[in-house]
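Have a look at the structure below before the remarks.
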Amino acid sequence: MDASVHHKTSTLAKGDTLLAVDNVSLAFGGVKAITDVSFDIKKGEIRAIIGPNGAGKTSMLNVINGFYHPQQGRITFKGETRQKMRPYVAASQGIARTFQNVALFKGMTTLDNIMAGRSLKMNSNLFWQLWRHGPAMREEVEHRRVVEEIIDFLEIQAIRKTPVGKLPYGLQKRVELGRALAMEPELLLLDEPMAGMNLEEKEDMSRFIVDVNTQYGTTIALIEHDIGVVMDLSDRVVVLEYGRKIADGTPDHVKNDQTVIDAYLGVPH
Amino acid sequence: MEAAKALREDTFPKLLARNARVRGARPAIRHKDLGIWQTWSWAEVYETVRALAVGYRALGLERGDTIAIVGANRPKLYWSMMAAQMLGAIPVPVYADAVADEMAYVLEHAQVKLAAVQDQEQVDKILSIADRLHYLKFIAYDWERGLRDYDHTRLKPINELIAEGRGLLKDPAIASALDESIAAGVGADISVILYTSGTTGRSKGVMLSAERCINAATDSVKFDRLNDHDEVLAYLPLAWVGDHYMNYAQGLVAGYCMSCPESADTVQQDLREIGPTFYFAPPRVFENLLTRVMIRMEDASALKRKMFHYFIGIAKQYGEKILNGESVPLAGQLLYGLGNLLVYAPLKNVLGFSRMRVGYTAGEAIGPELFSFYRSLGLNLKQLYGQTEAFLYVTVQPDGQIRADTVGPLAPNVEVKISEEGEVLFKSPGMFLGYFRDDERTHETLTPDGFIKTGDAGFFEPQSGHLKIIDRAKDVGKMANGDLFPPKYVENKLKFFPNIKEAVAFGDTRDFVTCFLNIDITAVGNWAERNNVVYASYQELAGHPLVYDMIASHVDEVNRLLAAEPMMAGAQIKRFLILHKELDADDGELTRTQKVRRGFIAERYAPLIDALYNGSSEADISTEVTFEDGRKGTISARVKVRDCTLVPVSAHNKAA
């Protein structure tokens, strides 16, 4: 992907703060996972959260989508401030995510898994859905069209009818991204989307992430360990260490920050 | 102009107009999009192509210009070819998987003014070499994803061109100018330039004239009785003569419908959904299919497995005879009928061959067992021999004269001679006009009396009049003791084993024959699973001692077969090794049509060849590989060499 392309769009879409995390702290008993962290995510950007293992990155994502409830601090999403929120509510407000370990319905096909991502958008009542007639049918056709567009977008036509349990890991990751996209989210949280992938799969995934961002204008927050990928993809990077924020800024800024180099990056190569 | 229309259609745009007139409502092209097959009738295609032609005209495409077509089989790319031909411009289809360097050569050599490409990947590739393309003015693309934010001064979606063309066509002056342009096309015009895959050096642009293309296609349409109710699946590379012939030329002549798969990965499913009546595939495809069927049957329940093997046995016994119309005992007919109900028909359905009336394979030798497997199921699979320079057919097997080991008698209106050196020479209705901007090589290829040299060594079988191809003429060598060494003949015998994917034999001027092998990762991987062989990579599996044992038994078997043929007995394989990586077109080891480039491989793996001949039991090799994005890396390995059993000719004959 041409870097200039993606910079141009991100400046275009750069605007209001979509999500703000203010002074959030999270502890499990005596273990402090996150300590007084603040940062924001602007609409239309790709925001990376990086840091060494156990820095609190996944906890941060879990806080954002309401799975964990921070003991202190506030989260403002689309101008609405909250302290506690259930994942269900977060999802219906437009936050979708993928997981570090693939969490798909292994026995279901790719198509059904992605279709499952539409369930929050289904309105027809149980009666019609049972019969798959009338409004339920019309609705299903419409959802299927959206799902087919995602299948096309992610180039997974060949596995449309394959149970996902049979698929290689890289493809499962892609299906999971598809399911998150099916929610047509405003904010997409990706937890290590490229973990365990080979070079080629990583390149594909990077391309899809940038394409999601440019084509659908989806705001993306991602956790990733491949620093090369992070620096190429993201507009801004937050660096966590031991639950604290140690740096925040553009990839270039972060890359040259001495604290970050000491804590995470090591000697530049 | 009406008078011109009344004449026989001698260009493809005229044929398109005729099809729109004669069978306007019949399907012309299908494409699976968002999971649903979309169909365009001949009338719709004609209207769309006219609009697209006007769109290209507005971009400056004129009579005699060339336009590159880069991408997979998609309607808009086929329409771009037709639209270009309407303007008298010449389409130049290019292998979509060519790396930037290869593409730069072809595009610059063909002096393309426009390029019609599939997607962002191809746009990126062409933009990356744009400074080397002095004639290229504009790129039109089919799939818009990811391209929205590109600089569009020299870039436009094909959809927009069609829309603009539709608008322009409302002006009667423009419409009649287009009609005149179509009518102005004559049969002697260059219709298309097909770049050969370059088995030997830089690829050459084969110029084909409209009239000759149409003549050749008309002959074969008649030969196989194709009509506008036939269906094909267009899945072969656009740049390859087979696609241009079977799908484009024959489709326009016979008026049948071509279906474009959803993506390269869905071909197998799409095949099943379309159920083509006319099908072409290189032997490799049939081989892969059979391997997959066999692997899946191994996983089936015991009852199903038994039933499958029993009825495949019945098919072997009677199937081909029934297909050839020979007499078969009643019991055989009944059993075959039952087998058809229980095994053959369901199997054909899964493979997408239920409606197949005529199937062809060509390009490489096909294993006799493989060939008769498909034929015994009742599939009318035949062989042909052809060349880009011939616009395909040189020889072809008519129904009822099918053999695995020949390529058949002469195709209609083809003349063939065998030169004194044993090289096959031909003249054919579709024969080329010459190589584009390469008179020197055109002269090299033509004999003084106008025959084309194929570069293949072959002979006619006296009894049947069928042509048999031995090998590339320049590859047939002599061993140190004077024995004949036909490398491909040996390699094909090896490749008939499902576990061996690729073989490269050496022996010219040497004391004995040796070879490099590639294992087939699907077949051997499955075997490994069954035999508790643990491996993490291709390289590890290829070097596994048990794999070596298994492959060695195959090589011994080949030696026994070779020993049975007096002419070939000297070419038995004495030593072999399994390469640590798969031979790949990206590394220049195979051509784009997957043929081995023996000379290049010999150079690249020189240390391994030394090891084969100096008696050492292993050798170190490190090779550069090219990744899909063009980056380079190195693979190093220690490769083991194995000795094989040679079968003494006399002993074998006694035993036999």
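Since every read-out is calculated from the coordinates, none of them should be taken as a lab result. On a predicted model such as this, the values are computed, not experimentally measured, just so you know. FYI the Cβ positions are ideal-geometry reconstructions off the backbone, even for glycines, and counts take in every protein chain you see.
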Overall form of the range B:545-588 per C-alpha gyration tensor (a/c, 1.5; a/b vs b/c): oblate
Peptide ranges B:71-77, B:108-114 listed from the most packed, as the mean C-beta count within 10 angstrom indicates: B:71-77, B:108-114
Helical contribution to [θ] at 222 nm, DSSP H n ≥ 4, -39,500 (n - 2.57), averaged over chain A, rounded to 500: -11500 deg cm²/dmol
Charge dipole (debye, nearest 20) of the protein assembly as shown; +1 at Cβ of Lys and Arg, -1 at Cβ of Asp and Glu: 2320 debye
Within chain B: Cβ-based charge dipole about Cα centre, in debye rounded to nearest 20 (Lys, Arg +1; Asp, Glu -1): 1420 debye
Listed residue pairs exceeding 25 Å between alpha carbons, taken from A:Lys121/A:Lys161; B:Lys468/B:Lys581; B:Lys321/B:Lys501; B:Lys204/B:Lys478: B:Lys468/B:Lys581; B:Lys321/B:Lys501; B:Lys204/B:Lys478
Dipole magnitude of the range B:2-263 about its Cα centre (Cβ charges: Lys, Arg +1; Asp, Glu -1), debye to nearest 20: 460 debye
Inter-chain Cβ neighbour average for residues B:141-154, partner chain, 10 Å: 3
Gained length - B:Leu341 relative to B:Arg305, 0.36 nm times residue gap less alpha-carbon distance: 11.4 nm
Added length on full extension, which subtracts the Cα-Cα distance from 0.36 nm per residue, B:Ala480 to B:Glu326: 50.7 nm
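Given the Cα-Cα distance of B:Gln463 and B:Arg296 and 0.36 nm per residue of separation, how much length would full extension add, in nm? Could you put the intermediate results ahead of the total?
Numbers: separation 167, 0.36 × 167 = 60.12 nm, distance 4.13 nm.
Result for the pair: 56.0 nm of gain on full extension.
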Anisotropy class of the range A:103-184 from Cα gyration tensor, a/c 1.5 cut: prolate
Selection from A:Ala136, A:Asn113, A:Ala182 lying farthest towards where the dipole of the range A:103-184 points positive, charges on Cβ: A:Asn113
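From the square roots a ≥ b ≥ c of the eigenvalues of the alpha-carbon gyration tensor of the range B:2-263, which class results: rounded (a/c under 1.5), prolate (a/b over b/c), or oblate?
rounded
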Partner chain coverage, peptide B:119-125 - average Cβ within 10 angstrom: 1
Principal-axis tilt of helix A:199-216 within chain A, Cα atoms, nearest 10 degrees: 80 degrees
Signed unit charges on C-beta, dipole axis of the protein assembly as shown, positive-most listed residue B:Phe223, B:Thr266, A:Tyr68: A:Tyr68
Mean Cβ neighbour count within 10 Å, used as a protection proxy, ranking A:105-111, B:444-450 highest first: A:105-111, B:444-450
Given charges at Cβ of Lys, Arg, Asp, Glu: the protein assembly as shown dipole, positive-most of B:Ile214, A:Asn125, A:Ala20: A:Asn125
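How big is the antiparallel share of DSSP beta bridges in chain B, given as a percent to the nearest 5?
Expressed as a percentage, antiparallel bridges in chain B total about 60.
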Helix A:3-13 vs. chain A, principal-axis angle (Cα, 0 to 90°, nearest 10): 80 degrees
Shielding score for A:153-160, defined as the mean number of other chain Cβ atoms within 10 Å: 5
Relative packing of B:263-271, A:236-244, which averages over residues the other C-beta atoms within 10 Å, highest first: A:236-244, B:263-271
Sum of -39500 (n - 2.57) over DSSP H runs of 4+, divided by residues of chain B (222 nm, nearest 500): -11000 deg cm²/dmol
